[in-house]
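No value in this document is a laboratory result; all are computed from the given coordinates. For clarity, every value in this text was computed on a predicted model and none was experimentally measured. Ideal geometry is used to build each Cβ from the backbone, glycine not excepted, and the neighbour counts take in all protein chains shown.
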Amino acid sequence: EAEVVSVSTDLITVKNPSVPEWGTAPVTVEQGAEGGVYEPGFLYLEDGTGKAGVIGVMQYFETTGEYWVEDQTGGGGGMVWLLPVDFHWWELSNEMMDTCAKDDYTTDVQLFVLPVEQDTLSASADASTRVSYTFDSATYFFDADVFDDSNYEPNTRYDLGTFDGGVFEGVGVERLFRTSRPISVSNPDISGFSQPLIDDDQTFLWEEDGFDWVEIRIQLVADNGSIEDQFTCVAQDDGRFELDPSMMVDWPLNRQVFIWVGGVRETNAPLSFNNAESRVSAIHQLVGAGIRL
């Protein structure tokens, strides 16, 4: 039974009793012979301090280099709400920082989805710059409908609008994510007039810019233009990273590869309902090409 702290004409403030685990409990209010039950109830959540409560990625890319037939831009992303866990988006593709992993890598960390009752969500930078999300009931993932030049602004904060129903009704998130900015890569020269040669142990050099980490993705391009194989590396933003030579050892020589390089930002903004953090990552990727040496 909750302890009543104060009562007014339209608000009852109570101190709820503790429980051993998360879950919902119906709220019953009684006064004399009258009363009522709020069925959505009160949601008990564990303290998420220092852990992630929502993870995801917002990706914007642009081609770089004078060798493309035409420049391209685009993007996408989404997020999933979790029971608090100390986890970052990059851990879905790599076991440790400063390593590379093939696309079939899977994490051993167990992630438990927080049941969120909402069909759509919206995050905005201002009145005219808005990202809409649609809930996928099969994956529990909120997919961004569009994230391109129409609603992307670099180095910009996006706030999540409030939930309009369920136990999170009225809850929003300030600084759900902050977009990144283009990274300056000096080696390999993916922004030059011709495609650079790429070694198995290729060294990447870039200008440090305060990113939370840097992501490098290398894709082997088949003769028909499809992606035949790929791997992802995550590196600290210290300006230098050397590829793991085992990643391309079986790749044929003199084949084209696509090279994605981007600096990632993670806001770690607090969530008001359980003190966990928003760890929605934002990355601005430069997409170049090279020749496997």
*3J(HN,Hα) from dihedral phi, segment 120-136, Karplus parametrisation 6.51/-1.76/1.60, rounded to Hz, x for glycine, proline*: 9, 9, 9, 10, 9, 8, 7, 4, 10, 10, 9, 10, 9, 10, 10, 6, 9
_Using a Gaussian network model on the chain with a 10 Å cutoff between Cα atoms, which of VAL14, VAL185, VAL27 fluctuates the most?_
VAL14
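Mind giving me the FRET efficiency for ALA222 and ASP86? R0 is 25 Å, r the Cβ-Cβ distance, nearest 0.05 is fine.
With R0 = 25 Å, the Cβ-Cβ based efficiency is 0.05.
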*Can you tell which of GLN256, ASN268, ILE55 lies farthest toward the positive end of the dipole of the chain, using +1 and -1 charges on the Cβ of basic and acidic side chains (Lys, Arg; Asp, Glu)?*
ASN268
*What residue among ILE55, ILE216, ILE227 shows peak mean-square fluctuation when the chain is described by a Gaussian network model with Cα springs under 10 Å?*
ILE227
*Work out the length of the dipole vector of the chain about its Cα centre, built from +1 on the beta-carbon of each Lys and Arg and -1 on the beta-carbon of each Asp and Glu, and round it to the nearest 20 debye.*
280
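Among the DSSP beta bridges whose two residues both lie in the chain, what percent are antiparallel, rounded to the nearest 5?
Beta bridges within the chain, antiparallel portion: roughly 85 percent.
For LEU197 and PHE273, compute 0.36 nm times the residue count separating them, minus their Cα-Cα distance, and round to one decimal in nm.
Extra length available between LEU197 and PHE273 comes to 22.3 nm.
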*Give a residue-ordered list of calculated ³J(HN,Hα) values for segment 25-39 (Karplus: 6.51 cos²θ - 1.76 cosθ + 1.60, θ = phi - 60°; whole Hz; x for Gly, Pro).*
9, x, 9, 10, 10, 10, 9, x, 8, 9, x, x, 10, 9, 5
*GNM result for the chain, Cα springs below 10 Å: residue of GLY262, GLY23, GLY56 fluctuating most strongly*: GLY23
*Pick out, from ILE183, GLN202, MET79, the residue whose Cα sits farthest towards the positive end of the charge dipole of the chain, with +1 on the Cβ of Lys and Arg and -1 on the Cβ of Asp and Glu.*
ILE183
*Can you give the translational diffusion coefficient of the chain in µm²/s, computed by Stokes-Einstein from the Kirkwood radius over Cα pairs at 4 °C and 1.567 mPa s?*
61
*asked:* Under the rule of at least 5 residues apart or a separate chain, name every residue whose amide H is placed under 5 Å from the amide H of TRP81.
replied: LEU114
_DSSP-loop GluC sites (Glu not before Pro) across segment 150-219, with at most 13 other Cβ within 10 angstrom_ = GLU207
